[in-house]
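> Mind looking over this structure? Questions follow.
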Amino acid sequence: MKQNLILGLHSYEIISYSIIILSALLFIILERIFPYNKGQRVLREGFFNDFALYTIAQSYILGIIIFTFIIKWIDESYGVSRLQLFANVPIWLQLVFFTLTHDLYIYLMHRFMHSNKYLWRLHEAHHSPKTVDWLSGSRSHAFEILINQTVEFLPIVLLGAPPEVAAYKGVISGVWGMYIHANLGINTGWMQKIINGPEMHRIHHTTGKGRNKNFATKFAFWDWIFGTAYLPEERAAEYGLKTFFPANFFKQFTFAFRSYKKTS
Ligand SMILES: [Zn+2]
Ligand SMILES: [Zn+2]
């Protein structure tokens, strides 16, 4: 089959990368114009760690491990994708289906990560940035990503969806992730009951009581349905962890496996 490749990439890959890069630039500009916390710099503390090591290097390596090893191995063991169960389902409908189902999973898993002491060790890294902005959401422990992205992309591959679906699903997750963490002082009104955004997710990153509320990622209605929504009148004051957390990417990785005996 003839494939149209530009610089070795399929057109859906070029579209996906372009949307991600343009969205990042758009959020950086909007954060300058409508900041929630004024005076936050783009090149803030931990920028290099979050951008070069988490967003670029970790995502690249995990992408290979998840797709080329884990998902491929599971698929070759069971061969479900050969049934092409979703082959005749329109791409937009597949995206709606996978976005909704994975978002319910991620709501429940996220909530569980806050209550289980072993999983909290993996999730802690995501709560460590003291500055919440378009980039800070990328800081997640490699094992948390490994679990959640395998669950995100395994059904897409097993149900025989075309590769565009996995690529566009990745774009939806990437752009929505930037949006909910963006330092934007916006008020979306009634939409905050449906579409999750920075208004609620910022509260989840505070050091106060909001940290055990607002577990939703893309759709806020999970929080409203399951009684975990929290939208106080007061402004978010302090973000991050109250406990020590290392500043370096590699130390952040190993810190999740520290002994429970030591107090830290
Ligand atoms: Zn959390
Ligand atoms: Zn977050």
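> With N set to the residue count of the range 5-255, report its C-alpha Rg divided by 2.2 N^0.38 Å to two decimal places. Please list the in-between numbers first.
Working: Rg = 18.2 Å, N = 251, 2.2 N^0.38 = 18.0 Å.
Relative to the 2.2 N^0.38 Å estimate, the range 5-255 comes out at 1.01.
> Rank Ile33, Leu159, Asn214 by how far each Cα sits towards the positive end of the charge dipole of the chain (+1 on Lys, Arg Cβ; -1 on Asp, Glu Cβ) and give me just the farthest.
Going by the charge dipole, the pick is Asn214.
> How much length would be gained if the chain were fully extended between Leu100 and Tyr78, taking 0.36 nm per residue of separation minus their Cα-Cα distance, in nm to one decimal?
On the way: separation 22, 0.36 × 22 = 7.92 nm, distance 2.51 nm.
Full extension from Leu100 to Tyr78 adds 5.4 nm.
> Rounded to the nearest 500 deg cm²/dmol, what is the calculated helix-only ellipticity per residue at 222 nm for the chain, with -39500 (n - 2.57) per DSSP H run of length n ≥ 4? The partial results should precede the final answer.
Working: 10 runs with 127 residues, N = 264.
Helices in the chain give a 222 nm mean residue ellipticity of -15000 deg cm²/dmol.
> If amide H atoms are built 1.01 Å from N in the plane of the peptide, which residues on other chains or at least 5 residues away come under 5 Å of the amide H of Phe219?
Asn196
> Please give, to one decimal in nm, the separation of the simple spin-label points placed at Phe221 and His114, each 7 Å out from Cα toward the Cβ.
Here the answer is 2.1 nm between the modelled labels.
> If R0 is 25 Å, what FRET efficiency do you get for Ala52 and Ser18 from their C-beta distance, rounded to 0.05?
Working: r = 20 Å, r/R0 = 0.82.
Rounded to the nearest 0.05, the efficiency is 0.75.
> Let me ask something else about it. Could you give the dipole magnitude of the range 5-255 about its Cα centre, charging the beta-carbon of Lys and Arg +1 and that of Asp and Glu -1, in debye to the nearest 20?
Details: 21 positive and 17 negative charges, 125 e Å.
Using only the charged Cβ atoms, the result is roughly 600 debye.
> I would also like to ask the following. For the range 1-154, compute the orientation-averaged projected area of the C-alpha convex hull (one quarter of its surface), in nm².
Mean shadow area of the hull around the Cα atoms is 12.1 nm².
> Right, here's the next one. Can you tell me the relative contact order of the range 86-203? Whole percent, Cα pairs under 8 Å, sequence separation 6 or more.
Values: 94 pairs, mean separation 32.7, N = 118.
Relative contact order here is 28 percent.
> For the range 100-110, take each phi angle, set θ = phi - 60°, evaluate the Karplus expression 6.51 cos²θ - 1.76 cosθ + 1.60, and give the result in whole Hz per residue in order, putting x for glycine and proline.
So the J values, rounded to whole Hz, are 5, 5, 5, 5, 5, 4, 5, 4, 5, 5, 4.
> Here is a follow-up. Taking every pair of alpha-carbon atoms in the range 130-264, what share in percent sits in each 5 Å bin, from 0 to the bin with the longest distance?
Computed distribution, short to long bins: 2, 9, 15, 19, 19, 16, 12, 6, 2, 0.
> Next up: Pop out the ³J(HN,Hα) list for the range 131-143 in order, Karplus 6.51 cos²θ - 1.76 cosθ + 1.60 with θ = phi - 60°, rounded to Hz; leave Gly and Pro as x.
Each residue of the range 131-143 in turn: 10, 9, 8, 3, 9, 5, x, 6, 7, 9, 4, 4, 6 Hz.
> Given H placed 1.01 Å from N in the peptide plane, which residues other than close sequence neighbours of Leu184 have an amide H under 5 Å from its amide H?
Tyr36
> For each pair in Lys169/Lys218; Lys213/Lys242; Lys213/Lys251; Lys213/Lys261, compute the distance between the two Cα atoms and list the pairs where it is over 22 Å.
On the way: Lys169/Lys218 12 Å; Lys213/Lys242 17 Å; Lys213/Lys251 28 Å; Lys213/Lys261 28 Å.
Long pairs (Cα-Cα over 22 Å): Lys213/Lys251; Lys213/Lys261.
All of the numbers you see were taken from the coordinates with simple rules; none came from a lab. As the structure is a computational prediction, the values presented were derived from the model and not from experiment. Reconstructed Cβ throughout: ideal geometry from the backbone, glycine too, with neighbour counts over all protein chains shown.
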